[in-house]
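Working notes for the structure below.
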Amino acid sequence: MTFFLRDDGNSFFDSGPAWSPDGTKIAFTSDRGGDDEIYVMNADGTGPTNLTNNDAFDFEPDWQTLTNDPPSCAGAAPSVGSLWPPNLQFVSSTIGGVVDPDGDSVTISITGVHQDEPVGITTPDAVIEGSSVLLRAERSGQGTGRVYTVSYLADDGNGGGCSGTVTVVVPLTDKGRSWTKGQSTIRRPDEPPSCLVDALREVKEQAFGSAGGRSVLARKSKIKRQTRRYPRNRKPRVNGNLPFSCHSFSGLWGDESE
């Protein structure tokens, strides 16, 4: 340990010298800046340079080679994984989930986009904007949905990096949800309106053991035929004489009211 006295009367300590492998530099600890930090200087004592600057005490420097661990792309995922509704508009998506074990800041660049359908009626279908990509919410109504495969590169700025792909889908349908195209709304539900289900159950219960069973069963058959046609885009026409109150609907399939 070496004690130094400044011209202004304040003192500081330098300690723990460590010679570089080639003998041209000396690393050491000094509190000349207020707390213990690591410095390096030339072998003749000239050119001291502060290497660390933090509130903690830094000491015992050495000249071991520091290794850099690359970032991991194992958890990479798009910020938007599904595009809905398919209204032909662009949707911006970025890639997250890439982590660096050293805590380095990671920069992600989009390098390419591939889709499993032909280019649609509007082009382009994708626009790369550095770390993000614009994807068009479009798919063929005759297929199973569109899948975009987005390629990317992650860089930690210290020579480490990783690359990979993520997928973004435009599903054929989004069950239970509706979308607007022009002025018409299309809805694709999982089940018929609950009031129709209750109505058919009531008809069935009254049909068996009743004197007018044949007439009631005929009405039941009529409702079934209308229910099969209904999923397309029609409202069911309900016979007002049937013994239930499911006679009006506020919207398309799934938005029924009594």
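If you check ASP58, ASP35, ASP44 for being in contact (Cβ under 8 Å) with a residue 24 or more places away in the chain and either over 27 Å from ASP104 (Cα atoms) or outside the structural domain of PRO101 (by TED's automatic domain parsing) (or both), only one passes: ASP58.
Tell me the residue from PRO78, PRO17, PRO48 that is under 30 Å from THR167 (Cα atoms) and in contact with a strand residue (DSSP E or B) (Cβ under 9 Å, 6 or more places away or on another chain), please. First the steps, then the outcome.
Working: PRO17 fails: under 30 Å from THR167 (Cα atoms); PRO48 fails: under 30 Å from THR167 (Cα atoms).
Just a single option satisfies the conditions, and that option is PRO78.
With the structure loaded, tell me whether SER151 is farther than 29 Å from THR67 by Cβ and within 15 Å of the chain's Cα centre (by Cα) or whether it fails that test. Here the answer is no, as SER151 does not meet what is asked.
Condition first: out of contact with any strand residue (DSSP E or B) (no Cβ under 8 Å at 6 or more places or on another chain) and either closer than 20 Å to GLY157 by Cα or not in a loop (DSSP other than H, G, I, E, B) (or both). Now tell me which residues in region 96-145 satisfy that. Steps first, answer last, please.
So the first thing to find is which residues in region 96-145 are out of contact with any strand residue (DSSP E or B) (no Cβ under 8 Å at 6 or more places or on another chain), and the list is 102-105, 118-119, 121, 123, 141-144.
Answer for region 96-145, where residues must be out of contact with any strand residue (DSSP E or B) (no Cβ under 8 Å at 6 or more places or on another chain) and either closer than 20 Å to GLY157 by Cα or not in a loop (DSSP other than H, G, I, E, B) (or both): ASP102, GLY103, ASP104, SER105.
Residues in region 158-175 that are assigned to a loop (DSSP other than H, G, I, E, B) and more than 20 Å from the chain's Cα centre (by Cα) were compared, and the one that is modelled with the lowest pLDDT is LYS175.
The values are calculated or read from the model by the stated rules, or taken from the named source; none is laboratory data. Predicted, not measured: the structure shown is a model, and the values here were computed from it. Reconstructed Cβ throughout: ideal geometry from the backbone, glycine too, with neighbour counts over all protein chains shown.
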